[in-house]
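Quick note: the coordinates plus some simple rules give every number you see, no bench work behind them. Here the structure is a predicted model, which is why all the values come from computation and not from measurement. Positions of Cβ are backbone-derived with ideal geometry, glycine not excepted, and every protein chain shown enters the neighbour counts.
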Amino acid sequence: MQHPPSATPLLDGINFPSDLKALPQEQLPQLAEELRADMISAVSKVGGHLGAGLGVVELTIALHYVFNTPEDRLVWDVGHQSYPHKMLTGRRKQFDLLRQENGLSGFTKRAESIFDPFGTAHSSTSISAGLGMAVAADLKGEKRHVVAVIGDGAMSAGMAFEALNNAGAMDANLTVILNDNEMSIAPPSGALSSYLAKLASSKFYQDFRGLGKKLSSRLGHRADRAITRAVEHARGYVTGGTMFEELGFFHIGPVDGHNVHDLVRILSNVRDHSTGPVLLHVVTQKGKGYPPAEKASDKYHGVNKFDVITGTQSKAASNAPAYTKVFAQALIEEAKHDERIVGITAAMPTGTGLDLFGDIFPKRMFDVGIAEQHAVTFAAGLATEGFKPFVAIYSTFLQRGYDQIVHDVAIQRLPVRFPIDRAGYVGADGPTHCGAFDIGFLSSLPHFVVMAASDEAELKHMVRTAAAYDEGPISFRFPRGDGVGVDLPERGSILEIGKGRIVKEGTKIALLSFGTRLADCVLAAQDLDAAGLSTTVADARFAKPLDVDMISRLAREHMVLVTVEEGAAVGFGAQVLHKLAELGLLENGLKIRCLTLKDEFTDQAKPERMYAKSGLDRAGIVATVMAMLGVEGLSVGVKP
């Protein structure tokens, strides 16, 4: 519905939900148009997640119009959907710093606003968190509504169904909204579907349903179940939802998620008349209202800055390929030589590069949905039958499958390969997506090979090494973004397991790098050499097994040893310290430091700023060495 140009703008007068509630309901469609246009304009300037938010504009307005937020709790799953929510809850004027240093998070965040009751950046957590809030309200004797909004993609995770099962069994006062925006489970059937949803959520139906429960309770448990099932199955033939009813939820829908008037009516009925678990199935269009997003294959899920008129996204010029693409091309090359290689991803085919693999080998690529636990054990099953699974999962998401890595892969010593993308800082996605912990949690496992690529050529070597390795699980990590611009081999070489390499020889200082901080180590070595401190630079390649010969030599032949890694403090450096202590090489006056990511959850900023703050860039490495020698403040290039 288009509004005439003379219509008075509404959005500028909406700072908080209390302002929204003052509008007459007939003005809500106009507000939706303004909010959608404003979000497109804001994201075009800074980039971010666009498609999911465009799809929930009307739903967001209806939720804040009907419920008393923040007293009523509204939990957005993942957070990709939360941009309209942020704009309506006092943060619209801060969108020029969205996902930037000292700016708004791209996800919901408790420290950012009282309207964000739960931080959600990994998917499928909203129902569990919402259930906890609902039970807490009951225990405290407080009357409030709790609403969890979860996308249909997030419903592919087992955790969502664990929470549904628990909530249904507890008969909790929880409303779950299933935002069906991609692979519609059951499309709405026009006016009849909308009418049935409003009828099912009405006071009359709820009172009738409650009367049936009271009557059946007097007749015993068996009669109770028979009457309840009869009522719900009869309704299910028309409106669907039997699966959710079996889990204990009263199911409403599917309904049109872009009809704000129907949403307000149905949500008002749910608010006023429901006392147990309710699931409202809402069908929306991802990218709604912006043609380039509607036409794009990913519905503009995540975008760089873009031109609003054409939809063309900007991208910084680079002379080097992205690590993710190098990995994908290397895996394709290996798969041409070995038909046992298969690729597995957990709902991230584009992000991991496995979409390119799937284009060439469609029958050998498996997207299991947002189900990291299943992905790992599925791969373990394939490995028992002689296949070579590459489970491509971001570092931050691999955490979700750790028990399966330990129990189903490592203990059985199955040769599952783990390409780990987004290692280290990830910039705009902040602490929830930082790849900090995989070095430590994988290195602690017996017989697990743990590698890190220092550049894109090394990444190709590690893909081939992993493909050839059959003695147990093996991983290799690489960061987000572009490589350093080295020459790439046609095909990677097989590396000797547990052997690093010396990149530059020196005599006084040793810099031992694990991962892509190697380039900064080389630059730091140039500065140290200029200051009269002859510096060796080594690429460890392996955190497990360590190259004991190389590490021992560095410790014996240098007065200072600095390890450098893009991970938490319990990772590569800890492995080196443990081994040197075991060998008695810490007792001969060696000065040693381990440079890691800062021991904190670091908010979003440009990656180079984040590494500088952790002392992991060229200047930070030089400063560490100078401080170890007690020559702080020495200018680079001046000999001590």
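Observations on the model:
- Overall shape of the chain was characterised from the C-alpha gyration tensor. The equivalent ellipsoid obtained from it has semi-axes of 51, 28, 23 Å, in decreasing order.
- Amide H contacts of residue 605 (H built 1.01 Å from N, under 5 Å, at least 5 apart or other chain): 427, 428, 430
- Between residue 294 and residue 112, the simple label model (points 7 Å from Cα in the Cβ direction) yields a spacing of 2.8 nm.
- Other-chain or far-sequence residues with amide H under 5 Å of residue 144's (modelled H): none
- Cα gyration tensor shape for the range 366-433, rounded if a/c is under 1.5, else prolate or oblate: prolate
- On Cα atoms only, tilt of 203-219 relative to the major axis of the chain in degrees: 90
- Taking other Cβ atoms within 10 Å as a rough exposure proxy, 323, 290, 402 sort from fewest to most as 402, 290, 323.
- Once the Cα-Cα distance is subtracted from the 0.36 nm per residue extended length, the residue 534 to residue 385 segment shows a gain of 48.4 nm.
- Residue separation of residue 94 and residue 170 scaled by 0.36 nm, minus their Cα-Cα distance, works out to 23.3 nm of gained length.
- Backbone phi angles across the range 595-611, fed through the Karplus curve with coefficients 6.51, -1.76 and 1.60 (θ = phi - 60°), yield HN-Hα couplings of 8, 9, 4, 4, 7, 7, 8, 8, 5, 4, 5, 5, x, 5, 5, 5, 5 Hz in residue order; Gly and Pro are listed as x.
- Gyration tensor verdict on the range 503-628 (Cα atoms; rounded if a/c is under 1.5, prolate if a/b is larger than b/c, oblate otherwise): oblate
- If the chain linking residue 307 and residue 363 were pulled fully straight, counting 0.36 nm for each residue of separation and taking away their Cα-Cα distance, it would gain 16.4 nm.
- Helical runs (DSSP H, four residues minimum) scored at -39500 (n - 2.57) apiece and divided by the length of the chain put the mean residue ellipticity at 222 nm at -12000 deg cm²/dmol.
- Spin-label pair residue 272/residue 603, simplified geometry with 7 Å Cα→Cβ offset, distance in nm: 4.2
- Cα-based reach from residue 143 at 16 Å (exclusive), listing aspartates and glutamates while leaving out same-chain residues under 8 positions away: 71, 72, 171, 272
- Separation in nanometres of the label points that stand 7 Å from Cα toward Cβ, at residue 548 and residue 23: 6.9
- Here the relative contact order of the chain, from alpha carbon pairs under 8 Å that lie six or more residues apart, stands at 11 percent.
- Shown for 594, 434: other C-beta atoms within 10 Å of each C-beta, ranked fewest to most, produce the order 594, 434.
- The packing ranking of peptides 364-370, 413-419, 249-255, highest mean first, is 249-255, 413-419, 364-370, where packing means the average number of other beta carbon atoms within 10 angstrom of each residue.
- Pairs from the table (544/598; 325/579; 45/613; 295/460; 460/504) lying more than 24 angstrom apart at Cα are 325/579; 45/613; 295/460.
- Peptides 521-527, 494-500, 279-285 ranked from most to least packed by the mean count of surrounding Cβ atoms within 10 Å: 279-285, 521-527, 494-500.
- In straight-distance terms, cross-link reach from residue 363 covers every one of the aspartates and glutamates whose alpha-carbon lies under 17 Å from its own, apart from those fewer than eight places away in the same chain; here that gives 333, 334, 338, 339, 355, 385.
- Nonlocal amide H pairs with residue 276, under 5 Å, H built at 1.01 Å: none
- The range 44-114: relative contact order as a whole-number percent, Cα under 8 Å and 6+ apart: 37
- Cβ-to-Cβ counts within 10 Å put 98, 382, 263 in ascending order as 382, 98, 263, the fewest first.
- Principal-axis tilt of helix 190-200 within the chain, Cα atoms, nearest 10 degrees: 80
- The range 364-519: C-alpha gyration tensor shape, a/c 1.5 cut-off, then a/b vs b/c: prolate
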